[in-house]
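Written out below as structure tokens is the structure these notes cover.
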Amino acid sequence: ACPLAPVHLLRRTMVASFVSKQLRAAVGESRAELVGWAKTEFLSSFLVVGHALLSWASSSRDQLVAGASRKVSRFSFVVSIVAFAVLSLLWAALILVLWLTAGLVTLSGHAGLEARLWLAYDAVTFRHVLHAMAVIVPQCTVCFLHYWAYEDQDKVFISALRHQASLADIASAQRGRLHNLASALEELPLESTFQWFRRSLSAGARGLCLGLCAMTLAYLPGVGPSLLQGLLMLRRRRPVGVFLMVLLLFITLLPSQTLSWLPLATSGGRVAAAYVLQLALTARSMSRELLYPLLGRCGEGPRHALSSRHHARIIGFGAAAAVVLSVPVVGPLLWFDLVWAAGRVLSTVVLETEQEAFDLGPRVMKFREEQERLKQEADERARSREAEARCRQQEREAKAEVAQAARNRNSRSGAEES
């Protein structure tokens, strides 16, 4: 018998246990996610955004939202111009990369790959890029809005939670949960703007590159569906979701005649699936930025609840927000109305979820202990600096006394000699 047989058996057992555990977790999350899609939570999020737009058009708009929106109105036109300029630059960069790659392949002599690359180069026109306006423009708009208006976003979001807690049709226990969550968000600190910008820039660049690659490679005949499926697998399952992943893979296999009524699906289902994939990732990103007052302070529990059981609600809300923010000039003006709607969506999620998932009490206690520790350390450093300062003062005084005594001796000796 092989002496390493028990080791191999133990390794196989551990691998099988890990795989089965991951499969059970994936099945459980998928089941919870499908419950949300079955309850049409995707459409209910659209209604929340529609209600926010109606309040903007009527006189029932919250005063805090109206005041914060007036600040944004000063540079909304500039934000829209910059967002469309970024869209144009990205299209030009994509065309340049395709042209250079196709030229290098032509020089290398690969005729089959050369024809496919030039086909993709001719297909990706600016008209097709404009179809992605609801995908790229909101990302640029949110980047500028978060930098200029993150303090007002916190105030509006917490005010929306307290407003939902004050409604008459909510039980006292649920009202207390919302008030506790709002108080915890007021006390816990946010990450710095530099950390947010670095994280958002890297995540946005990865998602944007993936979406543009999927949109470009989907035009390649023959290998388009396989490439799109590979890109889907490169992404984590949680941002896309099992339901959307299965739906996209089904759309990929549809022929062009089935989707001929869509202006973006002239090359078949793989092009439509590429757009839907990027829209889903953009919706996820928009929801994350609108819920940033919570996600910038919470741990893994709330994130897991939002990405599993309430995945359909979050995707629907983010898709509606992305469509609103893609409207030039008007989109930035509605940013704080969408933040208010995000507070309403979170209130619904909190009331439908177990209390432990959105309980930020342990994080608040940990933050208080950390602040107390930092305060004690600062007090100790201050006391040590005071002690060092007293020691230095005493040393200076002792040196001054020694110098004075020496001068006195010198003066006496000089007087005696004279």
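The values are calculated or read from the model by the stated rules, or taken from the named source; none is laboratory data. Remember, predicted model here, so these are calculated numbers, not experimental data. So basically every Cβ, Gly included, is an ideal-geometry build from the backbone, and we count neighbours across all protein chains shown. Surface areas here come from the heavy atoms of the whole protein model, side chains and all, with no ligands, DNA or RNA. Shrake-Rupley method; radii C 1.70, N 1.55, O 1.52, S 1.80 Å.
Heavy-atom accessible area for Trp340, with the other protein chains in place and a 1.4 Å probe, reaches approximately 40 Å². By a 1.4 Å probe calculation restricted to protein chains, Asp152 has an accessible surface near 30 Å², given to the nearest 10. Only protein heavy atoms count here; on that basis, with a 1.4 Å probe, His146 has an accessible area of about 10 Å².
Using the Cβ atoms and a cut-off under 12 Å, what net charge is assigned to the surroundings of Ala403, where Lys and Arg are +1 and Asp and Glu are -1? In short, +2. If R0 is taken as 60 Å, the Cβ-Cβ distance between Gln376 and Ser108 corresponds to a FRET efficiency of 0.35. On the beta carbon distance between Ser166 and Ala403, with R0 = 60 Å, the FRET formula returns roughly 0.25. Computing FRET efficiency as 1/(1 + (r/R0)^6) for Ala173 and Tyr150, where r is the C-beta to C-beta distance and R0 is 25 Å, gives about 0.20. Taking each residue as 0.36 nm, the span from Arg383 to Leu295 lengthens on full extension beyond its C-alpha to C-alpha distance by 27.9 nm. Computed over protein heavy atoms with a 1.4 angstrom probe, the accessible surface ordering of Phe84, Phe77, Phe358, largest first, is Phe77, Phe84, Phe358.
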